[in-house]
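Working notes, structure below.
No value in this document is a laboratory result; all are computed from the given coordinates. This structure is a prediction, so every number in the text was calculated from the model and none was measured. Neighbour counts are summed over all protein chains in view; Cβ atoms, including those assigned to glycine, are modelled from backbone coordinates with ideal geometry.
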Amino acid sequence: MNAAEMDENRHADLLLEQLLGRIEEYYDAVPRSAARAEDFGALTLFVRDGRGWPYYARPALGRTGDEVSAAEVERVRDRQRELSVPENFEWVAENSPHLRAAVEEAGLVVHEHPLLALDLSADRTAGGGASAGAEGVGGAGEAMCVRVIEDGDPALPYAVAVPYIAFGQPDTQVGAAGTRELADAVQQLVEDGSVDVVAKRIRDGYTAVAVAEEDGIALCAGQHQPVGAVSEIVGVGTLPSARRRGLGLAVTAALVADARERGVRTVFLSANNDDVARIYERLGFRRVATALIAEPAEGGEPARAGESAEVANPAEGGEPAE
């Protein structure tokens with residue numbers, strides 16, 4: 001390797017370090033709009049205020065490189081049990097390399113998910129699959145519409161409800177659940193206030209929601225959660241009966257386009273597995289790290305929501321983009 005190649009590698013390493021630093025700051029910042037932070041030394045537990053999906057424990061900002069003991073993990077778990085919230089921990093493996101051993105020693109099971117990012121500042125064509133994603137929706141004609149919706153839009157309750165149905169059948173296969181199940185979920189989420197929570201987050205600028213509709217019926221939806229110049233795409237889910245048509249990819253592309261318009265420079269997401277990661281790479285995302293989720297063994301495979309979109313607990317950024 002010559003000197004020029006070494007300089008190029010060092011520059012790439014520096015850029016990656018800066019990117020992972022921005023993501024780390026994001027993970028610490030995003031829950032604070034709806035949760036309080038409890039200090040456990042090298043760990044922070046975020047406890048939601050009011051309705052919505054419970055948050056997680058994670059490395060304290062600025063202390064990600066610290067050694068963490070199993071006893072420290074147990075202290076946090078004791079508090080989570082006291083609060084009757086899930087005993088979940090979430091972190092980026094490359095940022096906090098010592099945490100995995102501690103949580104496994106404490107008896108938790110760790111799940112790995114590819115973490116992908118898209119730099120919107122380097123190239124104005126980055127994420128340019130937005131239009132291609134929408135145009136590539138299989139079996140869709142003029143009746144298919146992919147759009148970002150606002151508070152007060154009649155489609156919002158359905159966009160909130162779709163991921164609930166989708167993650168009830170978390171694989172990628174076409175299933176039976178469709179519009180009837182969606183209507184039942186909408187009624188429940190309107191009555192329990194979940195739709196109002198998302199509407200308020202839209203008004204406050206904490207959440208953007210995109211939906212894919214056909215003949216006015218919501219088939220797929222997802223969200224992104226901007227904090228400054230960084231946003232995470234979460235909760236992308238498709239009705240099981242409408243899968244295998246590229247709707248998830250189209251919604252993701254619409255969210256990327258919206259993030260760009262809001263001045264976001266870095267968009268990231270976590271994929272459920274390597275196959276899903278390759279699909280997101282079609283939009284220009286590249287794999288940059290590994291997201292880790294730890295939970296008690298009896299909980300099974302965890303669902304992931306990042307800041308968790310108030311609507312669903314998707315596997316690291318949402319359903320496969322099909």
Task: Inter-label distance, nm, simple model (7 Å from Cα along the C-beta direction), ARG287/LEU15 - done: 1.9 nm
TODO: Could you give me the percent of Cα pairs per 10 Å distance bin for the stretch 1-108, shortest bin first, beginning at zero and ending with the bin that holds the maximum distance?
DONE: 14, 41, 26, 11, 6, 1
TODO: Starting from the amide H of ALA289, placed 1.01 Å from N in the peptide plane, find each other amide H under 5 Å away whose residue is 5 or more places distant or on another chain.
DONE: LEU115
Open item on the list: Please list, in order along the stretch 67-72, the HN-Hα scalar couplings obtained from phi with the Karplus expression 6.51 cos²θ - 1.76 cosθ + 1.60 (θ = phi - 60°), rounded to whole Hz, x for Gly and Pro.
Closed with: 5, 10, 9, 4, 5, 5
Task: the stretch 39-111: trypsin sites (Lys or Arg not before Pro) falling in loop per DSSP and having at most 14 other Cβ within 10 Å - done: ARG51, ARG63
TODO: Kindly provide the Kirkwood hydrodynamic radius of the stretch 143-211 in Å, to one decimal, from all pairs of distinct alpha carbon atoms.
DONE: 12.8 Å
Task: Phi to ³J(HN,Hα) by Karplus 6.51 cos²θ - 1.76 cosθ + 1.60 over the stretch 231-246, Hz, x for Gly, Pro - done: 9, 10, 8, 9, x, 7, x, 10, 3, x, 6, 10, 6, 6, 10, x
Task: Karplus-derived HN-Hα couplings along the stretch 76-83 (A = 6.51, B = -1.76, C = 1.60, θ = phi - 60°), whole Hz, x at Gly and Pro - done: 5, 4, 4, 5, 4, 5, 4, 8
